Amino acid sequence: MEEQFAIEMLNITKIFPGIIANDNITLQLKKGEIHALLGENGAGKSTLMSVLFGLYQPEHGIIKKDGVEVKINDPNDANDLGIGMVHQHFKLVECFTVLDNIILGVEPTSKGGFLKKEDARTKVLELSQKYGLMVDPDAVIEDITVGMQQRTEILKMLYRDNEILIFDEPTAVLTPQEIDELMQIMKNLAAEGKSILFISHKLNEIMAVADRCTVLRKGKYIGTVETKNTTMEELSSMMVGRNVNFHVEKEKATPGEVVLEVDNLTVASKVHKNNAVKNVSFNVRAGEIVCIAGIDGNGQTELVYGITGLEPAKEGHVILNGKDITKAAIRKRSTSGMSHIPEDRHKHGLVLDYSLEYNLILQTYFTHDFTNEAGFLKRKPIREYANRLIEMYDIRSGQGAITSARSMSGGNQQKAIIAREIDKNPDLLVAVQPTRGLDVGAIEYIHKQLINLRNQGKAVLLISLELDEVMDVPDRILVMYEGEIVGELDPKTTTEEELGLYMAGAKRDEVAE
């Protein structure tokens, strides 16, 4: 008897201007399995899932459900077929409650057309209990953590009785603890007979939860393997086409003068009445990488805002190369030698409707290189500069320099920001989660760039939530907990366990006042 597949995508081809996103790809999902989809940034993973969810129509190929060919014209068709999707960037209404978001579009009403929320609430609480999701239905989305927002998205699918669940990069924004919890939730779902497609490029997660893994590279199908018979090294070379070094190679640091000095900095919080950053002092010297580690939401974001000028400091001073820049404008900080890879690439990193080339000169367009005496942009030098960075940083886009930033994959948007910020040759680079959402090949490249900057005698302040990155890249680790620096660790001598204790607030150094 032949195997029962819940979903089969056969010979799918999807073309966008200048790029074949999916080139004759076949993917088969068994009932009750967790099937990972692995590939570099821009390999076509999200596109393939968007075809299954009815957001795109393929040029060629067919989709079968339970062995029968189906036509999925839009997400409503997908929902009717029991296919649900949690997107990489959540689709939630910020000012609605969890419950309202879950029932949106399938609201239970009485005969008179009035909303009947009691039944819905009961069902949501039952589902939440059954799968270990623990969500408060009355909480408002904008007040809850990213991990809880994600659980809301999962409940949205379960509430609609979806049998096939698509997770697009579900762990990109979660803390290590939330990732462990999500993995358990996925296993619970599969045990209940749900079939899960899981897009990721985090190899350790795929090895931990997936039964099988399909690998895509540059839009083509490379192969499908059973995870119990493979290794992380094998998967990474299928994905990137070469062997990847998981460990950062670097010589001993030789720090020089202090480049950044943060002195008793206090920054207010937008979310609550307390200060988000409380009286923090530290410095970063030339030729070293200092990492601020901590669980998300302990003041790292506001600390960066205070240093880079996105929010005003309440008290204290920020000194760059001996000059006080606490109240300096953002452009002034930029021209004084500071570069910033921001946490939110859409909000603070790019102008999404500008072309790639214009995004690459956002901070230098006013210089003589790119603007003439009359104040007009010099198009030829801009194009040449953009092409040089695209080549150097392997920024992949359908139409090169003129591609709109919005149409690029998340990882390639990130590479564009990193290229722009590092190429300014800054004295200080503030890099906030620079490798978030990137594949192993790109992460390896970016870590090399950070080490190169350090070796050229530049100062790097890295803010990261990834434990392996925190342990591997920096020369010093400062741990932030509830707005304060609670410890300084040496990555060569500390352990992940010790780091975890500091991050959770269970351990702290009493710094002599």
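The values are calculated or read from the model by the stated rules, or taken from the named source; none is laboratory data. No experiment lies behind these values; they were computed from the predicted model shown. FYI the Cβ positions are ideal-geometry reconstructions off the backbone, even for glycines, and counts take in every protein chain you see. In case anyone asks, the SASA skips ligands and DNA or RNA and just uses the protein heavy atoms, side chains included. Shrake-Rupley method; radii C 1.70, N 1.55, O 1.52, S 1.80 Å.
Miscellaneous remarks
- Above-threshold pairs, the threshold being 28 Å between Cα atoms, out of Lys30/Lys71; Lys187/Lys250; Lys202/Lys228: Lys187/Lys250
- Applied to the stretch 323-335, the Karplus parametrisation 6.51 cos²θ - 1.76 cosθ + 1.60 on θ = phi - 60° returns per-residue 3J(HN,Hα) values of 9, 6, 10, 3, 10, 5, 5, 5, 5, 4, 5, 5, 6 Hz, with x for Gly and Pro.
- Built amide H within the under 5 Å cut-off of Glu315, gap 5+: Thr266
- In the assembled protein chains, Thr435 presents an accessible area of approximately 10 Å² (probe radius 1.4 Å).
- Principal semi-axes in Å for the stretch 187-297 [√(5λ), Cα gyration tensor, largest first]: 41, 25, 11
- At 0.692 mPa s and 37 °C, Stokes D of the chain from Kirkwood alpha-carbon radius, µm² per second: 133
- Relative intensity, log₁₀ I(q)/I(0), of the stretch 431-513 from a Debye sum that treats every alpha carbon as a point, q = 0.19, 0.20 Å⁻¹: -0.89, -0.97
- In Å², nearest 10: area of Leu377 left accessible to a 1.4 Å probe: 70
- For the stretch 396-439, the Rg and Dmax computed from alpha carbons only, in angstrom: 11.5, 33
- Only Cα sites of the stretch 114-267 enter the Debye sum here, all with the same form factor; the resulting log10 I(q)/I(0) across q = 0.10, 0.13, 0.15, 0.20 1/Å is -0.55, -0.78, -0.91, -1.27, listed in q order.
- For the pair the stretch 402-453 and the stretch 274-297, the centres of their Cα atoms are 21 angstrom apart.
- Dividing the helix sum by the residues of the chain, where each DSSP H run of 4 or more adds -39500 (n - 2.57), gives a mean residue ellipticity at 222 nm of -9000 deg cm²/dmol.
- Cleavage-rule hits (trypsin sites (Lys or Arg not before Pro)) in the stretch 79-130: DSSP loop, at most 13 neighbouring Cβ within 10 angstrom: Lys91, Lys111, Lys116
- Given Lys347/Lys424; Lys323/Lys458; Lys45/Lys415; Lys252/Lys332; Lys117/Lys273; Lys31/Lys117, the pairs whose alpha carbons are separated by over 24 Å: Lys252/Lys332; Lys117/Lys273; Lys31/Lys117
- Going by accessible surface with a 1.4 Å probe and the largest first, Asp439, Asp23 read Asp23, Asp439.
- DSSP bridge orientation in the chain - percent antiparallel, rounded to nearest 5: 55
- Calculated from the alpha-carbon coordinates, the stretch 1-86 shows an Rg and a Dmax of 12.6, 43 Å respectively.
- A 1.4 Å probe over all protein chains sorts Thr493, Thr308 by accessible area into Thr493, Thr308, starting with the largest.
- Antiparallel content of DSSP bridges confined to the stretch 414-513, in %, to 5: 50
- Largest accessible area first, the listed residues Met148, Met134 line up as Met134, Met148 when surface is computed with a 1.4 Å probe on the assembled protein chains.
- Inter-part distance where the stretch 1-73 and the stretch 114-174 are each reduced to a Cα centre, Å: 25
- The phi torsions of the stretch 240-257, fed into the Karplus equation with coefficients 6.51, -1.76 and 1.60 and a -60° offset, translate into couplings of 9, x, 7, 7, 10, 8, 7, 10, 7, 8, 8, 7, 5, 7, 10, x, x, 5 Hz, rounded to whole numbers, with Gly and Pro shown as x.
- Accessible-area value, Ser281, 1.4 Å probe, nucleic acids and ligands omitted, Å²: 60
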